[in-house]
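Here the structure comes first, spelled out in structure tokens, and everything after it is commentary.
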Amino acid sequence: MKDYLGEIELYFELRGIPESSQESHRRRILAFILFIQERHTSLGNVTENDVQQYILHLKRKKGLSPGTINNYISSIRFFYTHVLEKEWNAKKVPRMKRIKKFPLTLPKEEVLAILNATKNVKHKAILVLLYGSGLRVSEVAKLKISDICSKTMRIRVDGAKHGTNRYTILSETALHVLRQYFREKRSGLPYQMDDWLFPGQNHHEHINVKTIKNTIIKLRNHLNLDKKVSAHTLRHCFATHALEDGTNPVFIQQLLGHKHLSTTSMYLHMTSKSLMGIRSPLDTEQKERTS
């Protein structure tokens, strides 16, 4: 086991895979290894049939979605080919067909209700960055003080998904809340520009992602909002509302850090057509008759 784990860690380091991705791969690989060990099979003797049985286990016993199972397949394939040095047959272990579902978005009024219901100024600063800048939860958690630039009104996002770096916009409202947060929570305390913007209980570590997610859950329940509302919903709302305001999808793609424009274009299906000035042909016909 130690040898296998060591090879995994070495590969991660050589490839320069972001820590967030490492954690996900590591968790899925360890779950697969545990499954194999429970079947009293040596890792060196793992076959495609073992992989197939594990995928069926994830589908039938765990009830995981096709998208989540595909993530497991990616991690297992890495382990199977790079660590066990076995040949992968994609025809025998196919990726599952996904049914695309539109993510949940909220009207601006409900987003503002969430922000206004946030009494803790630190939590409020985090939420206005999620919605005002379209950041991922992990990206907000790992922001450093130096990443915020009030002169250019930009936020630097280092080591984002897929190992990319980018800039996104800094909202004037978010800047105001951030200054309030500094006055109330960090005034008089020594800090360096490379310190975490939102430290956790241990000030040498950034705030835990779960803390941010739990904050949204509490607010969602307090406001009796849809149970599917999550911290990531605010990022979806940023994209949808920016489109409704007339922002070019290419710019939104860059701000969100999407690899492909097709990912951003999904939000076009979720916008309020009335806000984009599109009229139904039926309404146009009725208007011509009455004029």
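The values are calculated or read from the model by the stated rules, or taken from the named source; none is laboratory data. All values derive from a computational prediction rather than experimental measurement. Glycine also receives a Cβ, built like all others from the backbone with ideal geometry; neighbour counts cover every protein chain displayed.
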Total residues in the range 157-175, condition touching a strand residue (DSSP E or B) at 6+ places or on another chain (Cβ under 6 Å), charged (D, E, K, R) and in a loop (DSSP other than H, G, I, E, B): 0
Listed by first then second residue, the pairs whose first member lies in the range 179-200 and is within 20 Å of Met153 (Cα to Cα), whose partner is exposed (fewer than 10 other Cβ atoms within 10 Å of the Cβ) and modelled with pLDDT under 95, with beta carbons under 9 Å and at least 6 positions apart or on separate chains, are Trp196/His204
Please indicate, with yes or no, whether at least one residue in the range 187-201 is assigned by TED's automatic domain parsing to the domain that holds Val157, in a helix (DSSP H, G or I), in contact with a helix residue (DSSP H, G or I) (Cβ under 8 Å, 6 or more places away or on another chain) and over 19 Å from Val111 (Cβ atoms). no
Could you tell me whether any residue of the range 216-231 is within 24 Å of Arg186 (Cα to Cα) and surrounded by 20 or more Cβ atoms within 10 Å (Cβ to Cβ)? yes
From Val93, Val128, Val177, grab the single residue that is within 30 Å of Thr47 (Cβ to Cβ) and either of a type in the set (Val, Ile, Thr) or under 23 Å from the mean Cα position of the chain (by Cα) (or both). Val93
Only one of Lys59, Lys100 is closer than 30 Å to His269 by Cα, surrounded by fewer than 16 Cβ atoms within 10 Å (Cβ to Cβ) and at pLDDT below 90; which? Lys100
Residues being of a type in the set (A, V, I, L, M, F, W, C), more than 23 Å from the chain's Cα centre (by Cα) and under 27 Å from Lys142 (Cα atoms): count how many of those fall in the range 1-42. 4
Members of the range 11-35 found to be polar (S, T, N, Q) and free of Cβ contacts under 8 Å to residues at least 24 places away in the same chain, listed by number: Gln22
Output the number of the condition that Leu178 fails; it satisfies all remaining conditions of (1) assigned to a loop (DSSP other than H, G, I, E, B); (2) under 13 Å from Lys144 (Cα atoms). (1)
Can you pull out every residue in the range 73-98 that is outside any loop (DSSP other than H, G, I, E, B), without any contact (Cβ under 8 Å) to a residue 40 or more places away in the chain and aliphatic (A, V, I, L, M)? Ile73
Checked Ile29, Ile36, Ile55, Ile8 against criteria (assigned to a helix (DSSP H, G or I) and within 21 Å of Arg98 (Cβ to Cβ)); the one match is Ile55
